[in-house]
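Student: The structure that follows is given in the form of structure tokens.
The values are calculated or read from the model by the stated rules, or taken from the named source; none is laboratory data. Predicted model, so just to flag it, every value in this text is computed and none were measured. Positions of Cβ are backbone-derived with ideal geometry, glycine not excepted, and every protein chain shown enters the neighbour counts.
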Amino acid sequence: MTTLTEHYREMQRAMHPDKFVNSTERERRIAMQHAAQINKAFQTLKDPLERAHYLLDLNNIKADDNDTSMDPAFLMEQIELRESLDNMRESKDQEALASLSENIEAYKGTAEKQLTDCFTDGSREALIKALSTVRELQFLARLKEEVGNLEDELEFST
Amino acid sequence: MALLQISEPGQATAPHQHRLAAGIDLGTTNSLVATVRSGVAETLPDSEGRRLMPSVVRYLSNESPVVGHEARSSATRDPLNTIASAKRLMGRGVDDIKIVGNHMPYNFTDADSGMPKIRTVAGDISPVEISAEILKVLKERAEASLGGELDGVVITVPAYFDDAQRHATKDAARLAGLNVLRMINEPTAAAVAYGLDKDSEGVHVVYDLGGGTFDISILRLNRGVFEVMSTAGDSALGGDDIDRVIAEWILQEAGVSDKADHTRMRQLMHDACAAKESLTANESAGLTIALSDGTRWTGTLTRETFNSLVDPLIKKTLGPCRRAIRDAGISVDEIKDVVMVGGSTRIPRVRELVGDYFNCEPMVDIDPDKVVAIGAAVQADILVGNKPDSDMLLLDVIPLSLGIETMGGLVEKVIPRNTTIPVTRAQDFTTHKDGQTGMSIHVVQGERELVSDCRSLARFELKGIPPMVAGAARIRVTYQVDADGLLEVSACESTTGVTSSIQVKPSYGLEDNEIERMLRDSIEKANEDVGIRKLREQQVEAERMIEAVNAALTTDGEELLSTTEFENIDNALRALDDARKGTDDNAIKDAIKVVDKVSADFAARRMDATIHTALAGHTLEEIDE
């Protein structure tokens, strides 16, 4: 990750529109397009979820839009977590919220490790397994955002 | 050697020549201009040695407007024609004004366009024009001080400004005749000012509470690269609000129940501000207020009462702080220090609560009023080309998510907040009716799920979609945010190869023809010849082009171009140089187009070469890591 970040900075140092302020309009526009692409590449590579999406895409493993099947146990768990989130909104229980936030982090860590294993393995089977992990991570990301919003709401409503 | 014997139309290309650049902090309460001289960035004073210029413009019936101190001192005498805090109105729509402008003691016109205007003796004036007056005076100050025309400026805007507010600022600069090298965010500029004289690698927070806006930015500084990790804020919260709560407290204490009139309210706000400033050093401030019945009210505002009045406002800033930390994905203990920016951070209570929140002693080494202008000057000096060896680079983010309206009034986010700019994102949509030939696109900004809760930036219609069954068309909507943080949206239908696209500018802004008209008006007022001004503009543009292309030819021409290509470009440059010396602005315009056309491939090759150099020596595995 350090190497990635360093390369990113190096490339932006060369390509950023700030380096072409005195160039012709055409060059300025091209610089902006390149810089936007470098930003996109960095975003994709640094975020585990985005990176996984990209790697699956490279391996031609795509989520079928109609195939929404997921592990029923995981879905049950998600529904329960969401219910408990609603309860916390009612009860304004900040401590419970903090521990939920920690749980999500822990779960996320496990899922991300699982992803790494799948990609290291690299077999088609492992990659298909990665696809379902990616979906779980998407659920978690959304849940995490909601937890964050509720945290803000509770802390500053008082 | 023949190839290098090109004419030197742009004599100004001598590499060591110092170009004139300035940084401008266009503030709610005060504005400043700064420049780098002999390697030191400093704010520039007016003829009386004053550096801060009040952002106040007084309009007169048959004369040019008065700007700055003189305007401010007539604010109570002539409240309706003396406009302060115009920044709070920048990029706002008529509906917003009902909220933001509610407290503002001006006569707003019922404008038929989206942009609100203020009625004055000099006519109906838009906030953009007011800001342009302020910028013009700062431009004159810099040019008088530097002894020449400015080659370019960097203007700062609050990090939390939305797209419409940024566009409005850019328009004001254009009206003032400034060449804007870049608009940068105020907290980022402050970080630059601090980052220079300190060895300060690591995570820094900039807390910027100004006259009318609040910003918080979290940055990581690494070997000259300032990477903004997140930003948050409130574009309608600042010292003005503090003055108002004090003014309201005075009214309450004095037993005045109804709101005072415009003149009295102005005076009251002025007294409130003086009391606030006095409380920075003193434990209490005495107040004497003239009441409408001719009597006087005398009272004392203690530090303790003051703190209880401002606490709710300061607490309001901590919400965004928290969100910024969360978005940056860091914890409080990773933060190295908190830089205090903006006049309101002089208030001891602000320093105390912010220090507590971030668990560190706030940094106040550089005057909080000047730090933004100084940082802007440093960046302007680099961008204009005076420091070719500088490795400083600012990587900023968009403060608010950009989205598009989908079915049922919901927002689909296209670019999430805190995405590094420049950025381009595309999203595909399809038709929902058979034979549908048009699609309405509504661009919004904000974090909420409902369109009605977000800021509407622009609406436009994509027409000419070939009739197809529902769901067959593929409409790609592309959002592009440039390095100034300005958005451009385009849309095209691509399945049939039929492409129609449109560029939009946010509503609430000025139309291009409105700006043209204002420019014309201001030229007429200044008794300038419109024709001469137009010619001069094209000449400046031609000089810039000649200089840029010549510089490119000198660096890469021989390597990237065949002899014929080189000669073609060189000939076009010569023709442009000839046109530039003439008096026909259209001829110059055409010659510019020719140079652009013949050098298009060259530009593309040069940029490809740049990216290849940057990538050279790195393996794919390395980049994949």
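Student: For the range A:1-24, which residues satisfy the criterion of being over 28 Å from the mean Cα position of the chain (by Cα) and either at pLDDT below 85 or within 7 Å of chain B (Cβ to nearest Cβ) (or both)? Give the derivation first.
Tutor: The initial filter retains those residues of the range A:1-24 that are over 28 Å from the mean Cα position of the chain (by Cα), namely A:18-24.
Correct list: A:ASP18, A:VAL21, A:ASN22, A:SER23, A:THR24.
Student: Continuing with this model, one more query. Give the range B:131-170 a look and list any residue that's closer than 19 Å to B:GLY212 by Cβ and of a type in the set (Asp, Glu), or say none.
Tutor: Result: B:GLU133, B:ASP162, B:ASP163.
Student: B:THR188 fails exactly one of the following numbered conditions: (1) surrounded by fewer than 23 Cβ atoms within 10 Å (Cβ to Cβ); (2) within 14 Å of chain A (Cβ to nearest Cβ); (3) in a helix (DSSP H, G or I); (4) not charged (D, E, K, R). What is the number of that condition?
Tutor: That leaves (1) as the condition not met.
Student: Does the range B:298-325 hold any residues that are without any contact (Cβ under 8 Å) to a residue 24 or more places away in the chain and touching a Gly at 6+ places or on another chain (Cβ under 9 Å), and which are they?
Tutor: Within the range B:298-325, B:THR298, B:THR300 meet the criteria.
Student: Another one. Would you say B:ILE250 is crowded, with 17+ Cβ neighbours inside 10 Å, at pLDDT 90 or above and among the β-branched types (Val, Ile, Thr)?
Tutor: Working: crowded, with 17+ Cβ neighbours inside 10 Å: yes; at pLDDT 90 or above: no; among the β-branched types (Val, Ile, Thr): yes.
No: the conditions fail for B:ILE250.
Student: Which condition number in (1) buried (at least 23 other Cβ atoms within 10 Å of the Cβ); (2) free of Cβ contacts under 8 Å to residues at least 60 places away in the same chain is the one that B:ALA377 fails?
Tutor: With respect to (1) buried (at least 23 other Cβ atoms within 10 Å of the Cβ); (2) free of Cβ contacts under 8 Å to residues at least 60 places away in the same chain, B:ALA377 is out only on (2).
Student: Only one of B:LEU353, B:LEU383, B:LEU301 is surrounded by 15 or more Cβ atoms within 10 Å (Cβ to Cβ) and within 12 Å of chain A (Cβ to nearest Cβ); which? Please lay out each step first, then the result.
Tutor: On the way: B:LEU353 fails: within 12 Å of chain A (Cβ to nearest Cβ); B:LEU301 fails: within 12 Å of chain A (Cβ to nearest Cβ).
Every option except B:LEU383 fails the conditions.
Student: Another one. Just to be sure before I move on: is B:VAL206 among the hydrophobic types (A, V, I, L, M, F, W, C), surrounded by 20 or more Cβ atoms within 10 Å (Cβ to Cβ), outside the structural domain of B:GLU143 (by TED's automatic domain parsing) and farther than 30 Å from B:GLY294 by Cα in the structure I sent? Please lay out each step first, then the result.
Tutor: Values: among the hydrophobic types (A, V, I, L, M, F, W, C): yes; surrounded by 20 or more Cβ atoms within 10 Å (Cβ to Cβ): yes; outside the structural domain of B:GLU143 (by TED's automatic domain parsing): yes; farther than 30 Å from B:GLY294 by Cα: yes.
Yes, satisfied.
Student: For the range B:28-56, enumerate the residues that are out of contact with any helix residue (DSSP H, G or I) (no Cβ under 7 Å at 6 or more places or on another chain) and of a type in the set (Gly, Ala, Ser).
Tutor: Once the filter is applied, which keeps residues that are out of contact with any helix residue (DSSP H, G or I) (no Cβ under 7 Å at 6 or more places or on another chain) and of a type in the set (Gly, Ala, Ser), the range B:28-56 yields B:SER38, B:GLY39, B:SER47, B:GLY49.
Student: Checking the condition of a type in the set (A, V, I, L, M) and touching a Gly at 6+ places or on another chain (Cβ under 7 Å), which residue from B:LEU279, B:LEU221, B:LEU291 passes? Please lay out each step first, then the result.
Tutor: Values: B:LEU279 fails: touching a Gly at 6+ places or on another chain (Cβ under 7 Å); B:LEU291 fails: touching a Gly at 6+ places or on another chain (Cβ under 7 Å).
Going through B:LEU279, B:LEU221, B:LEU291 in turn, just one is of a type in the set (A, V, I, L, M) and touching a Gly at 6+ places or on another chain (Cβ under 7 Å): B:LEU221.
Student: Does the range B:171-182 include one or more residues that are part of a strand (DSSP E or B), of a type outside the set (Asp, Glu) and touching a Phe, Trp or Tyr at 6+ places or on another chain (Cβ under 8 Å)?
Tutor: Checking the range B:171-182: not a single residue is part of a strand (DSSP E or B), of a type outside the set (Asp, Glu) and touching a Phe, Trp or Tyr at 6+ places or on another chain (Cβ under 8 Å).
Student: Then there's this: B:ARG141: assigned to a helix (DSSP H, G or I), farther than 29 Å from B:THR76 by Cα, basic (Lys, Arg) and away from chain A (no Cβ under 14 Å), yes or no? Give the derivation first.
Tutor: On the way: assigned to a helix (DSSP H, G or I): yes; farther than 29 Å from B:THR76 by Cα: no; basic (Lys, Arg): yes; away from chain A (no Cβ under 14 Å): yes.
Here the answer is no, as B:ARG141 does not meet what is asked.
Student: Collect the residues in the range B:331-350 that are within 14 Å of chain A (Cβ to nearest Cβ) and not in a helix (DSSP H, G or I), keeping them in residue-number order.
Tutor: Of the range B:331-350, the ones within 14 Å of chain A (Cβ to nearest Cβ) are B:331-332.
Correct list: B:SER331 only.
Student: I would also like to ask the following. Considering every residue within the range A:123-133, establish whether at least one is within 15 Å of the chain's Cα centre (by Cα), aliphatic (A, V, I, L, M) and within 14 Å of chain B (Cβ to nearest Cβ).
Tutor: Pass one, the range A:123-133, residues within 15 Å of the chain's Cα centre (by Cα): A:130-133.
Pick out the ones that are also aliphatic (A, V, I, L, M) and you get A:130-131.
This time we only want the ones that are within 14 Å of chain B (Cβ to nearest Cβ), so: none.
No, the conditions are met nowhere in the range A:123-133.
Student: Ok, one more. What tally of residues in the range B:356-366 results from selecting those that are under 23 Å from B:LYS276 (Cβ atoms) and either surrounded by 17 or more Cβ atoms within 10 Å (Cβ to Cβ) or within 12 Å of another protein chain (Cβ to nearest Cβ) (or both)?
Tutor: 4
Student: Take B:ASP389 and tell me if it is more than 27 Å from the chain's Cα centre (by Cα) and surrounded by fewer than 13 Cβ atoms within 10 Å (Cβ to Cβ). Before the answer, list the steps.
Tutor: Details: more than 27 Å from the chain's Cα centre (by Cα): no; surrounded by fewer than 13 Cβ atoms within 10 Å (Cβ to Cβ): yes.
Against the criterion (more than 27 Å from the chain's Cα centre (by Cα) and surrounded by fewer than 13 Cβ atoms within 10 Å (Cβ to Cβ)), B:ASP389 does not qualify.
Student: Taking the criterion of being touching a Lys or Arg at 6+ places or on another chain (Cβ under 7 Å), of a type outside the set (A, V, I, L, M, F, W, C) and outside any strand (DSSP E or B), would at least one residue in the range B:243-256 satisfy it?
Tutor: So far as the range B:243-256 goes, yes, one or more of its residues are touching a Lys or Arg at 6+ places or on another chain (Cβ under 7 Å), of a type outside the set (A, V, I, L, M, F, W, C) and outside any strand (DSSP E or B).
Student: Let me ask another. Confirm whether B:LEU394 is crowded, with 22+ Cβ neighbours inside 10 Å, in contact with a strand residue (DSSP E or B) (Cβ under 8 Å, 6 or more places away or on another chain), within 10 Å of another protein chain (Cβ to nearest Cβ) and not acidic (Asp, Glu). Walk me through it before giving the result.
Tutor: On the way: crowded, with 22+ Cβ neighbours inside 10 Å: yes; in contact with a strand residue (DSSP E or B) (Cβ under 8 Å, 6 or more places away or on another chain): yes; within 10 Å of another protein chain (Cβ to nearest Cβ): yes; not acidic (Asp, Glu): yes.
Criteria met by B:LEU394.
Student: Looking at this structure, is B:ALA472 among the small types (Gly, Ala, Ser) and either touching a strand residue (DSSP E or B) at 6+ places or on another chain (Cβ under 6 Å) or in contact (Cβ under 8 Å) with a residue 60 or more places away in the chain (or both)?
Tutor: Working: among the small types (Gly, Ala, Ser): yes; either touching a strand residue (DSSP E or B) at 6+ places or on another chain (Cβ under 6 Å) or in contact (Cβ under 8 Å) with a residue 60 or more places away in the chain (or both): no.
It is false that B:ALA472 is among the small types (Gly, Ala, Ser) and either touching a strand residue (DSSP E or B) at 6+ places or on another chain (Cβ under 6 Å) or in contact (Cβ under 8 Å) with a residue 60 or more places away in the chain (or both).
Student: Given the structure, is A:ILE79 away from chain B (no Cβ under 13 Å), loosely packed, with under 15 Cβ neighbours inside 10 Å and touching a residue at least 40 places away in the same chain (Cβ under 8 Å)?
Tutor: On the way: away from chain B (no Cβ under 13 Å): yes; loosely packed, with under 15 Cβ neighbours inside 10 Å: yes; touching a residue at least 40 places away in the same chain (Cβ under 8 Å): no.
For A:ILE79, the condition - away from chain B (no Cβ under 13 Å), loosely packed, with under 15 Cβ neighbours inside 10 Å and touching a residue at least 40 places away in the same chain (Cβ under 8 Å) - is not met.
Student: If B:ARG322 passes every condition in (1) within 29 Å of B:GLU447 (Cβ to Cβ); (2) of a type in the set (Lys, Arg); (3) more than 14 Å from chain A (Cβ to nearest Cβ) but one, which one does it miss?
Tutor: With respect to (1) within 29 Å of B:GLU447 (Cβ to Cβ); (2) of a type in the set (Lys, Arg); (3) more than 14 Å from chain A (Cβ to nearest Cβ), B:ARG322 is out only on (3).
Residue-by-condition table, conditions (1) outside any strand (DSSP E or B); (2) of a type in the set (Asp, Glu); (3) within 28 Å of A:PRO17 (Cβ to Cβ):
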site	(1), (2), (3)
B:VAL444	no, no, yes
B:ARG448	yes, no, no
B:ALA458	no, no, yes
B:GLU461	no, yes, no
B:ILE465	yes, no, no
B:GLY471	yes, no, no
B:THR478	no, no, yes
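Student: Just checking, does the range B:589-607 include any residue being more than 10 Å from chain A (Cβ to nearest Cβ), among the hydrophobic types (A, V, I, L, M, F, W, C) and surrounded by 22 or more Cβ atoms within 10 Å (Cβ to Cβ)?
Tutor: yes
Student: Before we move on, is B:THR430 in contact with a Ser or Thr (Cβ under 9 Å, 6 or more places away or on another chain) and within 14 Å of another protein chain (Cβ to nearest Cβ)?
Tutor: Details: in contact with a Ser or Thr (Cβ under 9 Å, 6 or more places away or on another chain): no; within 14 Å of another protein chain (Cβ to nearest Cβ): yes.
No; evaluated as a whole, the condition is false for this residue.
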